[in-house]
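Here is the structure we will look at, set down as structure tokens.
The values are calculated or read from the model by the stated rules, or taken from the named source; none is laboratory data. All values reported here derive from a predicted model rather than from experimental measurement. Ideal geometry is used to build each Cβ from the backbone, glycine not excepted, and the neighbour counts take in all protein chains shown. Only protein heavy atoms, including side chains, enter the accessible area calculation; ligands, DNA and RNA are left aside. Shrake-Rupley method; radii C 1.70, N 1.55, O 1.52, S 1.80 Å.
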Amino acid sequence: MSNTPHHKNESAIFLKGVGWNSFGLLFRFFRFAYMVLFARMLKAETFGQYVLFFSIIEAISKIATMGLEYGTIKYVHAESARDSKEDNYDALPLIAVLAFLLTLLSTALTLWVSQLLFDQSEVLDEFRQFCYLIPPLSMLNFFSIVSRATLDMRYENIFRNCIETGGILAFGYFFLLFEPNLLALVKAHILASFVATILYISTFFKLTKGFTLNLRYRELFHQSYGMGLVAFANYTRTKADYFLLGKFLSFSQLAVYSMAVLVISLIGKINSAVAPIAGPLLHKIFMENDHEKLQKNLHQMLNFSLDAIFIGGIVLFFFNQDILILYGKSFVLNQHIFVGLLVAQMVLIFFGVPEQYLLFTKHQNVLFSLSAALIVVMAAAFSVLVPMYELKGAIASILVIYLLYGSLLMIELKKRLNLDIFSKKIRNKLMLFSLVFIATALSKEWLGIHRIVACASGVLFYAWWISKTSIKKRL
């Protein structure tokens, strides 16, 4: 099978997608840059509000279209398979109009419900300014996800990772010069999203060969809402700590915590070279009912993910204070708290890969249930530990909860798809990283070795071991 033209075509599509995603990865670091800029131009309290408000709005934007972006991918593939022809996007204009109407409804509901979220009138007014981000963010997300159906990742990487992120940086800096407040950032996000969405629309008009009103609405929404709920639950799960800390701690403390998470998430950005192309591609493999290929695909993704996590984790362990100081002295976090948060986020990033296999293989309900359960457990843990131990209580909670979530995810993957996460190679990598991490940390603390030397030694040894095992495998 591995020598068939079909397999070669899939490999070529995957490698091309990874290439474009790697290119787009460079521009994703614009987010790190504009967060540094915004943190320095705003007060810590105001920046903490920005983090909380935007996280809430971004979560709502994931569900505002009722998952039509995911349903469209499946709808297009199903139509093509039914007619035995190339992908047909003639239904996309009508679906996009439906999606936009849903975003307007979501905005109205959010404005109405917002008075229940915030007690202070001044904070409520500022949050309501962010509510007008829902339509542009939702539609940008819609076209970004739909573009993955083409398996051509250049659209997402040019329009979203480059144009939108670069636009937020440029517009945000410009508006903050004249009015250093939250409204300036709202304007920046709206303009950047609008420009990127217009570019998406112009591109898809070239792909459509006509316009049709002949939609199977029941089938479309049936394939959409489930994945939309899962996307919302998954995002909310990753930001649940922000929402809860915004309730129990000050905006300033939330700002410090969120900056530490953002720095650690740079490791996850490397995963984004694979993740966007992985979902649609594994859905095609699943439709072919090829379990062996699906298992091999999972291990390839996890091996790539582990390399990024391990190398990034060692670097951040030694240099986190140097990176955090870029935001300002008030954003530096205690070393022990940061390391605990680093380990917790590394666990979350690792299990973000197998999540895709439930999401794109008709097991969205399982992933939704796991995410919902995690949010409930986290809310209970935070309500007890955070008021007593503040950030230390939060870190302890999420570390235990993420490990529990990963264990349940492994059980469900085995039960639903008969997929094993830990191959022999992955187990060896985990053991090697643990030894390298401990050795480099102890060499710095006990032997007084300079952190640059300790970090470089750990990274080089790990890279040498990986290259050695790869060469042996080829031989």
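Quick rundown of the values:
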| quantity | calculated |
| --- | --- |
| Filter result for Phe461 (open to solvent by 60 Å² or more (accessible area, probe 1.4 Å) and touching a residue at least 60 places away in the same chain (Cβ under 8 Å)) | no |
| Looking only at the range 291-307, and only at residues there that are of a type in the set (S, T, N, Q) and without any contact (Cβ under 8 Å) to a residue 40 or more places away in the chain, the one that is most open to solvent (accessible area, probe 1.4 Å) | Gln300 |
| Check on Ala372, surrounded by 17 or more Cβ atoms within 10 Å (Cβ to Cβ), modelled with pLDDT of 80 or more and either closer than 22 Å to Leu282 by Cα or of a type outside the set (Val, Ile, Thr) (or both) | no |
| Test: Phe286 is among the hydrophobic types (A, V, I, L, M, F, W, C), within 20 Å of the chain's Cα centre (by Cα) and modelled with pLDDT under 85 | no |
| Failed criterion for Ile277 (all others in (1) modelled with pLDDT of 80 or more; (2) in contact with a Lys or Arg (Cβ under 8 Å, 6 or more places away or on another chain); (3) of a type in the set (Val, Ile, Thr) hold) | (1) |
| Residue within the range 149-162 that is at pLDDT 90 or above and either open to solvent by less than 30 Å² (accessible area, probe 1.4 Å) or more than 19 Å from Ala59 (Cβ to Cβ) (or both) present | no |
| Among residues of the range 163-176, those that are open to solvent by 40 Å² or more (accessible area, probe 1.4 Å) and in contact (Cβ under 8 Å) with a residue 40 or more places away in the chain, counted | 2 |
| Odd one out for Leu176, checked against (1) modelled with pLDDT of 85 or more; (2) closer than 25 Å to Leu98 by Cα | (2) |
| Exclusive hit being farther than 20 Å from Gln335 by Cβ, at pLDDT 80 or above, more than 25 Å from the chain's Cα centre (by Cα) and among the aliphatic types (A, V, I, L, M), set Leu417, Leu475, Leu413, Leu432 | Leu432 |
| Residue in the range 236-244 that is at pLDDT 80 or above, over 26 Å from Ile325 (Cα atoms) and of a type in the set (S, T, N, Q) present | yes |
| Restricting the range 308-358 to residues that are of a type in the set (S, T, N, Q) and open to solvent by 30 Å² or more (accessible area, probe 1.4 Å), the residue that is nearest to Ala233 (Cα to Cα) | Gln356 |
| Among the candidates Leu370, Leu341, Leu404, Leu374, residue that is out of contact with any His (no Cβ under 9 Å at 6 or more places or on another chain), more than 30 Å from His291 (Cα to Cα) and not charged (D, E, K, R) | Leu341 |
| Residue in the range 359-369 that is modelled with the highest pLDDT, counting only those that are open to solvent by 20 Å² or more (accessible area, probe 1.4 Å) and closer than 17 Å to Leu298 by Cα | His363 |
| Residue within the range 60-83 that is among the small types (Gly, Ala, Ser), buried (at least 20 other Cβ atoms within 10 Å of the Cβ), modelled with pLDDT of 70 or more and in a helix (DSSP H, G or I) present | yes |
| Scope the range 124-183; condition assigned to a loop (DSSP other than H, G, I, E, B), more than 27 Å from Gly246 (Cβ to Cβ) and either in contact with a strand residue (DSSP E or B) (Cβ under 9 Å, 6 or more places away or on another chain) or of a type in the set (Asp, Glu) (or both); matching residues | Asp152 |
| Hits in the range 86-137 (condition: of a type in the set (S, T, N, Q), crowded, with 20+ Cβ neighbours inside 10 Å and within 18 Å of Gln49 (Cβ to Cβ)) | Thr110 |
| Check on Val366, over 23 Å from Asn320 (Cβ atoms) and under 20 Å from the mean Cα position of the chain (by Cα) | yes |
| Unmet criterion (only one of (1) over 22 Å from Ser265 (Cα atoms); (2) surrounded by 15 or more Cβ atoms within 10 Å (Cβ to Cβ)) for Ser397 | (1) |
